[in-house]
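Right, one structure below, let's go through it.
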Amino acid sequence: MIHNDNFSDRELFVLLIQGDENAFAEIYRRYKEALYFHANRSLKDHDEARDMVQEVFTSLWTKRESLSIPNSVDAYLYGSIRNRILNYIAHQKVMDRYIGSIDSFLERGNYNTEDTIRQKELERILLIEIERLPKKMREVFELSRNEGLSYKQIAEKLNISDQSVKKQMQRAIKILRIKIKLHLLLSFFC
């Protein structure tokens, strides 16, 4: 067996393009932590940073046959993670504006028939997706959103740590955003 740790990044990339799984594993081993650190520093979200690193490497493997050999493998990988970070931030800004416009719309109070139908449909979708959350996550989410309890109060009530409450809320919001985005996207194209 050839030890891939003796190869340069460029040599490993050549082997990767040829479908060498060991070369891919070595590139992954060399860069996963640095890419994660870079993504997490930008996003301040451990789960999202980890997901992005996985996406970069998944894409690298699936597109290997169509890739050309870069002059610098690390620059290529950092460019890939940077592009994913920028796309994520841009997408979050669009969603935040959309959610802000929904909040504004709800506060405004004067709806026409089409607005009322959209509002009711969005509320229906949100309620369905909240019900689909895992039991503990749903409970944390509802205590926060419906009863207005702080993370500390929820932690005391459920006898879990503040950090667990925070993570459950972050995951719930992430799941709900994805589900709502999917519904909006599907309704846009249907």
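Rule-based calculations on the coordinates, nothing more; no lab input. Since this is a predicted model, take the numbers as computed values, not measurements. Neighbour counts run over all protein chains shown; Cβ positions are idealised from the backbone, glycine included.
Across the stretch 125-133, in residue order, what do the Karplus-derived ³J(HN,Hα) couplings come to in whole Hz, using 6.51 cos²θ - 1.76 cosθ + 1.60 with θ = phi - 60° and x for Gly and Pro?
After applying 6.51 cos²θ - 1.76 cosθ + 1.60, I find 4, 4, 5, 4, 5, 5, 4, 7, 5 Hz.
Within the set Lys136/Lys157; Lys157/Lys181; Lys136/Lys174; Lys120/Lys179; Lys44/Lys136, which residue pairs have Cα atoms separated by over 21 Å?
Over 21 Å apart, Cα to Cα: Lys157/Lys181; Lys44/Lys136.
With unit charges on the beta carbons (Lys and Arg positive, Asp and Glu negative) and the dipole taken about the Cα centre of the stretch 2-90, which residue among His46, Asn83, Phe57 sits farthest to the positive side?
Asn83
At R0 = 35 Å, how high is the FRET efficiency between Leu158 and Glu21 if r is their beta carbon distance? Nearest 0.05 is fine.
Details: r = 44 Å, r/R0 = 1.26.
Computed FRET efficiency for Leu158 and Glu21: 0.20.
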